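Read the structure below first, then the notes.
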Amino acid sequence: MSDTIRVAMIMQSYYPRIGGAERQVAALAPLLREQGVDVQVVTRRYPGMARFERIYGVPVHRLPIPGPKPVASMTFTMTALPLLRRLRPDVLHAHELFSPATTAVAAKRLFGTPVVSTAHRSGALGDVQRLINKTFGRRRMATFREHVDAFVTISREIDAELAEMGVPPHRRIAIPTGVDTQRFAPVSKDGRRHIRERFGLPADARIAIFAGRLAPEKRLDRLIEIWPAVRATCPDALLLVVGAGPEEPVLRRTAGQGVWFAGATEDVVAYLQASDVFVLPSDAEGLSLAMLEALSTGLAVVATAVGGAGDVIAHGANGLLIPPGQPDELKATIVTLMRDSALRARLGDKGRARVVREFALPVMADRLRALYDSVITRQPMHIAPRANAPNQPLQREWGG
């Protein structure tokens with residue numbers, strides 16, 4: 001492994017705005033630091049946010065985004081370029097195929113810095129489809145295909161979409177979302193009871209939890225709509241909604257009895273440990289970090305079969321998958337899990353085992369460091385063995 005390298009993560013948003021990409025970068029940063037990677041974040045400055053601060057030790061640079069979207073995107077890129085010239089990163093890592101990737105490619109053309117890009121969602125609402133539906137979107141995709149040195153694919157679906165756009169296999173690198181499996185771990189029955197007492201949650205309720213950004217594509221509206229029918233069969237069922245987002249006001253107005261909003265929190269793990277079932281009813285995902293965290297915590301998971309859910313969950317073996325847009329099936333599946341504690345325990349145990357084996361955060365940090373070294377040196381990737389852990393080869397593509 002070479003000496004310390006500098007990586008600028010270019011993102012649409014960062015803490016205190018919280019989403020899967022933001023939490024993933026924040027969780028990876030200290031592990032990457034152990035690997036000799038100095039991470040700095042370049043992101044947008046929303047109202048009330050500082051131009052610069054350190055968050056959990058990570059320098060965060062926020063740039064202005066005035067006016068409508070096209071002006072905001074252009075301003076972000078133009079103000080990022082002199083900042084990147086000053087920071088002199090060894091690698092630019094763009095999160096999402098929009099202004100972050102555009103900014104990274106512009107910097108590469110000016111300064112020669114290699115570019116890595118991660119698409120975080122797939123499907124109709126995902127990065128590739130949204131990009132090519134924009135004016136000149138296919139031209140932008142062609143530019144990315146030419147200048148991005150490596151595309152990180154967090155799911156098979158995203159990998160297939162990039163393949164369809166002509167990105168060759170050797171530049172599609174499979175690095176799924178990673179989880180801190182030591183932090184996100186099951187607790188004993190007594191531990192769960194104490195957590196429920198701390199939060200004021202009913203001791204004997206059967207709790208289904210959603211954790212994530214309250215955005216339209218998550219389809220919390222469907223989950224809340226079916227909740228009275230769930231409670232008709234399981235009167236003690238409680239739906240715990242953890243997170244914040246643009247849909248929160250309308251969701252709060254339409255929610256009936258048995259729905260409890262926790263809001264945004266840094267203590268997601270405790271809410272997961274207090275719960276029995278995790279529900280993800282989304283219409284679109286990449287590879288949901290919230291789902292992986294729930295699996296790691298030992299919860300039985302029911303998720304729609306979108307994005308990378310099927311890369312992790314084998315239906316009936318370590319979780320349950322349902323088609324999107326099927327509220328009756330969603331209701332029936334939740335009721336099945338609520339009624340069957342043995343099924344919940346079996347799925348929870350198998351789900352955690354899969355995540356610990358294949359999605360632990362240190363493995364992903366190893367793979368990212370190897371990828372960064374590869375694009376800098378233009379050499380094939382190699383992962384050095386970790387202490388107290390088996391060596392794991394880096395897949396260049398899904399199934400490789």
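Structure values in brief
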{"quantity": "Residue selected from the range 320-340 under the condition touching a residue at least 24 places away in the same chain (Cβ under 8 Å) and within 18 Å of Ala205 (Cα to Cα), by the criterion surrounded by the fewest Cβ atoms within 10 Å (Cβ to Cβ)", "calculated": "Arg339"}
{"quantity": "Yes/no for Arg121 being of a type in the set (D, E, K, R) and under 19 Å from Leu28 (Cβ atoms)", "calculated": "yes"}
{"quantity": "Hits in the range 266-304 - residues which are surrounded by fewer than 24 Cβ atoms within 10 Å (Cβ to Cβ), free of Cβ contacts under 8 Å to residues at least 24 places away in the same chain and within 16 Å of the chain's Cα centre (by Cα)", "calculated": "Glu266"}
{"quantity": "Single residue of the range 20-70 satisfying the filter (within 27 Å of Glu285 (Cα to Cα) and of a type in the set (Lys, Arg)) that is nearest to the chain's Cα centre (by Cα)", "calculated": "Arg23"}
{"quantity": "The range 1-16 - residue that is crowded, with 18+ Cβ neighbours inside 10 Å and of a type outside the set (S, T, N, Q) and, of those, farthest from the chain's Cα centre (by Cα)", "calculated": "Ile5"}
{"quantity": "Candidates Val39, Val71, filtered to the one that is within 25 Å of His147 (Cβ to Cβ) and either modelled with pLDDT under 95 or not in a strand (DSSP E or B) (or both)", "calculated": "Val71"}
{"quantity": "All positions within the range 323-368 that are β-branched (Val, Ile, Thr) and either under 17 Å from Trp227 (Cα atoms) or more than 24 Å from the chain's Cα centre (by Cα) (or both)", "calculated": "Thr333, Ile334, Val335, Thr336"}
{"quantity": "Residue among Val105, Val116 that is in a strand (DSSP E or B), modelled with pLDDT of 95 or more, touching a strand residue (DSSP E or B) at 6+ places or on another chain (Cβ under 8 Å) and not assigned by TED's automatic domain parsing to the domain that holds Ala284", "calculated": "Val116"}
{"quantity": "Hits in the range 128-169 - residues which are of a type in the set (Asp, Glu), in a helix (DSSP H, G or I) and closer than 19 Å to Ala107 by Cβ", "calculated": "Glu146"}
{"quantity": "Pairs where the first residue, in the range 355-374, is of a type in the set (S, T, N, Q) and the second is outside any helix (DSSP H, G or I), C-beta under 7 Å, 6+ apart", "calculated": "Ser374/Pro380; Ser374/Met381"}
{"quantity": "Residue pairs meeting the criteria (Cβ under 6 Å; at least 6 apart or on separate chains; first more than 14 Å from Pro327 (Cβ to Cβ) and touching a residue at least 12 places away in the same chain (Cβ under 8 Å), in the range 218-240; second part of a loop (DSSP other than H, G, I, E, B) and of a type in the set (A, V, I, L, M, F, W, C))", "calculated": "Asp236/Ala205; Leu238/Ala205"}
{"quantity": "Residue in the range 317-324 that is among the β-branched types (Val, Ile, Thr) and either in a loop (DSSP other than H, G, I, E, B) or within 30 Å of Ile5 (Cα to Cα) (or both) present", "calculated": "no"}
{"quantity": "Subset tally (residues that are without any contact (Cβ under 8 Å) to a residue 24 or more places away in the chain and closer than 25 Å to Ala29 by Cβ) for the range 157-191", "calculated": "2"}
{"quantity": "Arg51 modelled with pLDDT of 95 or more, more than 19 Å from Val7 (Cβ to Cβ), crowded, with 17+ Cβ neighbours inside 10 Å and not small (Gly, Ala, Ser)", "calculated": "no"}
{"quantity": "One residue from Leu320, Leu299, Leu337 being in contact with a Leu (Cβ under 9 Å, 6 or more places away or on another chain) and under 24 Å from Leu28 (Cβ atoms)", "calculated": "Leu299"}
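The values are calculated or read from the model by the stated rules, or taken from the named source; none is laboratory data. It should be emphasised that the depicted structure is a prediction, and the values quoted were computed from it without experimental measurement. Please note: Cβ atoms are built from the backbone with ideal geometry, for glycine as well, and neighbour counts cover all protein chains shown.
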